[in-house]
Amino acid sequence: MNAECGHGRRPALGNSAALTGTTDGLAVLIAASLPWSTTAPSILVGLWLLAVTPTIDWRDYGRQLARPAFALPFAFLLLALVGTLWSDGLWADRLHAIKPVAKLVLIPAFLYHFSRSERGLWVCLAFLGSCALLAVYSWIVLLDPAWKITATASAGVPVKNYIDQSQEFTLCAVALALPALTFWRDGRVVAAGACLALILLFVTNMVFVASARTALLCIAVLLALFAWRHLGRRAALLLLAGAVAASALAWTTSPYLRQRITDIAVEYHRGHEDISRASTAQRLTYWRKGLHAFTEAPLIGHGTGSIKRQFERAATSGSILDAEIVSNPHNQTLNVAMQWGLLGVVLLYAMWIAHLRLFLGRDLAAWIGLVAVVQNIASSLLNSHLFDFHEGWMYVLGVGVAGGMVLKRSRP
């Protein structure tokens, strides 16, 4: 009798509170480590998969795959795998090109887990707190470079690079806009002030310490999105006036920011002569060659991992820039089009749209997810950020965790 009662009361492994807590904790650690490392998040993602797998109700998960937001990442990976069959790239390049796409299939797993978890906000707060710590540390290493953790190419960048740092600060700053507004409307002045202080920490770092011009573009797009989604006409005009005034102040007080903007013209005109200052000219050259490669195979592209091969074919001896061979055209649409043609581009935009549709609400979770998706779309105009390690994982976590929180409201 005791054995029978014990058997009846023993919790299923998938419902184990300890295992669910471990899975949530690992997700928190992934988010906290992402601003600082590439190795730690990779290891933690593997551990997270081991922990989450026993908790999945596979029949229920299979039903969720009928949703486009769940299914399209798998369709994208399938295309990448099949695309190796007609690729003209080396097999090493084909296999390497699968990895950036493979991480997208974790989005459904995160969506599913956090549609049942109570700790999705913990993951968001872990990323925010880690980025805030990095922003403070960034000022420290600007003043004393000896405090850098690793050798980086930019002053004020303790780890990795200024592009990754700017993207994460942009995400945090804009995501905080809604709670700051909500706290202010509710009369919680201290909480609103704390949010504004964090926003100021991130924005001033990008103005005076290190910033990617792509991130500045994203901020403009996301501020317009915030005004459209959460402000009335009068408040939107006040935000516009404030943004213009803040931009003018930043321009007059930050020699670093002025140089970053004025360098665009320098990079365009001197790019063919000096490859070290050719960012703008490089992009234009990559896009021209990428478009030409796309027109050669518009329907299904040249296959997975074929980008480097196409740039080898297009290389000329006209200048150092014309002879440059790369494996990234610095535009997400071209990156996909060169490899998988219109078929890949349709899948890419269908996935973005499906994920945007998850975040049509006006609560905090919907806002965080919307910012993550729109930031990725905007930054992918000038980079292949969906396939880059850091920005790609920001997208996977942002959509997966925030999307799960949104879906949780609709679950019975």
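Read-outs throughout are calculated quantities, based only on the coordinates presented, and are distinct from any laboratory measurement. Since we're looking at a predicted model, the values are computed, not measured. Every residue, glycine among them, receives a Cβ derived from its backbone with ideal geometry; neighbour counts consider all protein chains shown.
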query: With no solvent and one point per C-alpha, what does the Debye sum give as log10 I(q)/I(0) for the stretch 58-120 at q = 0.14 Å⁻¹?
result: -0.50
query: Hey, rough spin-label estimate for Leu237 and Arg188, points 7 angstrom out along Cα→Cβ, what's it come to in nanometres?
result: 3.1 nm
statement: In Å, the C-alpha Rg and Dmax of the stretch 68-219 are 19.8, 62
- prompt: According to the Kirkwood expression over distinct Cα-Cα pairs, how big is the hydrodynamic radius of the stretch 280-405, in Å?
  reply: 15.4 Å
Cut-off of 10 Å, at most 14 other beta carbons, DSSP loop: longest stretch of the chain lacking such GluC sites (Glu not before Pro): 119-272
statement: Distance in Å, no decimals, from the C-alpha centre of the stretch 340-378 to the one of the stretch 49-92 is 17 Å
field: Whole-number Å³ per residue for the convex hull built on Cα positions in the stretch 12-155
entry: 148 Å³
task: Per residue of the stretch 369-380, in order, report the coupling 6.51 cos²θ - 1.76 cosθ + 1.60 (Karplus, θ = phi - 60°) as ³J(HN,Hα) in whole Hz, putting x for Gly and Pro.
output: x, 5, 4, 4, 6, 5, 4, 5, 5, 5, 5, 6
field: Cα-Cα P(r), the stretch 124-171, percent of pairs per 10 Å interval
entry: 29, 55, 15, 0
- prompt: For the chain, what value does the Rg/Rh ratio take when both radii are computed over Cα atoms and Rh is the Kirkwood radius, given to two decimals?
  reply: 0.99
field: When each of Lys103/Lys308; Lys103/Lys289; Lys160/Lys289; Lys148/Lys308 is checked by Cα-Cα distance, pairs over 31 Å
entry: Lys148/Lys308
